[in-house]
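Taking it in order: structure first as structure tokens, then the write-up.
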Amino acid sequence: MLLNRERANAVMNRHGLDGLVAAFQENIYYLSDYWGSMFLMSRNYSLYAFLPRDESKPAALIMPGTGVYHLEHVPTWMPNVSTYITRIKPGQPMPPRDFEFTTEEIDESGGDQVVTEASAKGQALTPYPTREGAEMAPRDRQLLARYAMHSDNPAISSTRALKAAIETAGLSQGRIGFDDPRVLGWLNEVGLPDLTGCDALNIFKEIRMVKSPAEIELLRIAARMSETAINAVIDQIHVGMPLDDIGRIHAQSMLDQGGQSEWIIANIRGLATGVVEANEIMKLDSVGSYKQYRGDVGRTVICGEPTREMLDRNVAVTRALHIAYENIRPGKTFKEIVDLTLKAVHDEGFPGFVIAGPHSVGLEHTDHPVSVGAQMPGHHPLVFEENMVFTLDMPYHEFGWGTSHVEDMMLVTKNGCEALSSMDTSLRVRPIG
């Protein structure tokens, strides 16, 4: 189970919420453990996840009835799978089919005419026929059993299926947090006029900052994969290599490990275009993912001979990072560690260094509350918490000199922090030729 249920309940209680509704794919996955093909197709609002704060009330995954077969290989822990079917009979006083994939047009001469909430009751979840008299293969029987398991009273749209799940949990008059607050208005329109709620975009991120054991294990793997991918890039870098080739090497390395490349930023003097140049210091920032969890590792490389200043500056940043890691504890604010890190870099003889950027890492590269809308930066006071996974970004660009970067994946522990990647922030030197 990805969800940190204890954390979720505590945060919901702090915000006065009876539950959460996820419409965004990363939050649906986080709450339910389910990840399916409709996320890849960007079929937004065809799935939801609903988590009541009261653990005695049933949590629910909302999905189209035809899609429940995915649960055979990507199961959910949620006890309620609330399904829907949308079937339209031509000629009925209903909107014509718009060829949305969840809408099925029914032949007028056939049965199974589903056009209303009442007539959907008891209908099969799939429109596919069964061959009369055929002997069912084991997979046929397995799939038919799965459809039967979730065929009780489907709704006629995803919003109405979500409404049914909220009613089943007895929260029709509750206060719910929504990562997309538009969903509250849609629920009010379809028959939950007394349901109230709030924008929970950052509430979800507040919950996700503190990882469950399952998440930490996935992040360990993602960190290792992302470092392996950046090392693969470094091993193959040579003068004259197009920077676009760096992305291809990174993608192949992540693929070979069973992960996915999200991106790799390769900068020479602040620009990510052109080719690798001799004696130019380069920034590399590797972000890969494993089962949607991000790994984020940064390194600095040069093809040729580094100057004394390049080497000294790299050492200064490395020493400052160690000082920061030694001082991180649960309860320390991000600002305290940023101020400490920058002072340490300056004290080490690198006075122009200006950015030290801690950020939580998880289902998103930046997995903590962020200022949105009219909120100014700093709206969300951020502190390190036990079982947070983070990086401390150390990018640097100086016009007339070059670009560098280092960062590692770290886990906040009860008494400090633990490295999930190697912490080998040495300047990587590649020979010319």
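Remarks
- Qualifying residue in the range 83-99 (condition: under 25 Å from Leu61 (Cβ atoms), of a type in the set (Phe, Trp, Tyr), in contact with a strand residue (DSSP E or B) (Cβ under 8 Å, 6 or more places away or on another chain) and at pLDDT below 95): yes
- Residue list for the range 17-63, restricted to those being assigned to a helix (DSSP H, G or I), open to solvent by 10 Å² or more (accessible area, probe 1.4 Å) and touching a Phe, Trp or Tyr at 6+ places or on another chain (Cβ under 8 Å): Gln25, Tyr29, Phe39
- When Met1 is tested against (1) at pLDDT 95 or above; (2) within 19 Å of Glu55 (Cβ to Cβ), exactly one condition is not met: (1).
- Selection count where residues are open to solvent by 10 Å² or more (accessible area, probe 1.4 Å) and either free of Cβ contacts under 8 Å to residues at least 40 places away in the same chain or among the basic types (Lys, Arg) (or both), scope the range 282-302: 3
Results for (1) within 21 Å of Leu47 (Cβ to Cβ); (2) open to solvent by 80 Å² or more (accessible area, probe 1.4 Å); (3) outside any loop (DSSP other than H, G, I, E, B), shown as yes or no for each residue.
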site	(1), (2), (3)
Thr126	yes, no, no
Thr130	no, yes, no
Ala134	no, no, no
Arg139	no, yes, yes
Ala145	no, no, yes
Thr159	yes, no, yes
Ile166	yes, no, yes
Ile176	yes, no, yes
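- Any hit, the range 380-396, residues being in contact with a Phe, Trp or Tyr (Cβ under 6 Å, 6 or more places away or on another chain), of a type outside the set (Lys, Arg) and farther than 30 Å from Tyr290 by Cα: no
- Odd one out for Asn327 among (1) within 22 Å of Asp296 (Cβ to Cβ); (2) surrounded by fewer than 17 Cβ atoms within 10 Å (Cβ to Cβ); (3) touching a residue at least 40 places away in the same chain (Cβ under 8 Å): (3)
- Residue selection: Arg182 satisfies the criterion of being within 22 Å of Glu26 (Cα to Cα) and open to solvent by 60 Å² or more (accessible area, probe 1.4 Å).
- Within the range 33-77, the only residue that satisfies the criterion of being free of Cβ contacts under 8 Å to residues at least 24 places away in the same chain, farther than 20 Å from Asp179 by Cα and hydroxyl-bearing (Ser, Thr, Tyr) is Ser56.
- Total residues in the range 384-409 satisfying the condition of being open to solvent by 10 Å² or more (accessible area, probe 1.4 Å) and either in contact with a helix residue (DSSP H, G or I) (Cβ under 9 Å, 6 or more places away or on another chain) or farther than 27 Å from Glu280 by Cβ (or both): the figure is 6.
- If the condition is being over 18 Å from Ile268 (Cα atoms) and without any contact (Cβ under 8 Å) to a residue 24 or more places away in the chain, then the range 383-418 contributes only Glu418.
- Matching residues, the range 147-157, being part of a helix (DSSP H, G or I) and open to solvent by 80 Å² or more (accessible area, probe 1.4 Å): Met149
- Counted as qualifying within the range 373-433 are the strands (runs of 3 or more DSSP E) with 2 or more residues that are of a type outside the set (A, V, I, L, M, F, W, C), within 26 Å of Glu326 (Cβ to Cβ) and touching a strand residue (DSSP E or B) at 6+ places or on another chain (Cβ under 9 Å), namely 389-393.
- Residue in the range 77-90 that is open to solvent by 70 Å² or more (accessible area, probe 1.4 Å) and either touching a helix residue (DSSP H, G or I) at 6+ places or on another chain (Cβ under 6 Å) or under 25 Å from Lys205 (Cβ atoms) (or both) present: yes
- For the range 233-265, the set of residues classified as open to solvent by less than 20 Å² (accessible area, probe 1.4 Å) and part of a helix (DSSP H, G or I) consists of Val233, Ile234, Leu243, Ile246, His250, Ser253, Met254, listed by residue number.
The values are calculated or read from the model by the stated rules, or taken from the named source; none is laboratory data. All of these numbers come straight from a predicted model, not from anything done at the bench. Using ideal geometry, Cβ is built from the backbone for each residue, glycine included, and neighbour counts are taken over all protein chains shown. What goes into the accessible areas is simple: the full protein's heavy atoms, side chains included, and nothing from ligands, DNA or RNA. Shrake-Rupley method; radii C 1.70, N 1.55, O 1.52, S 1.80 Å.
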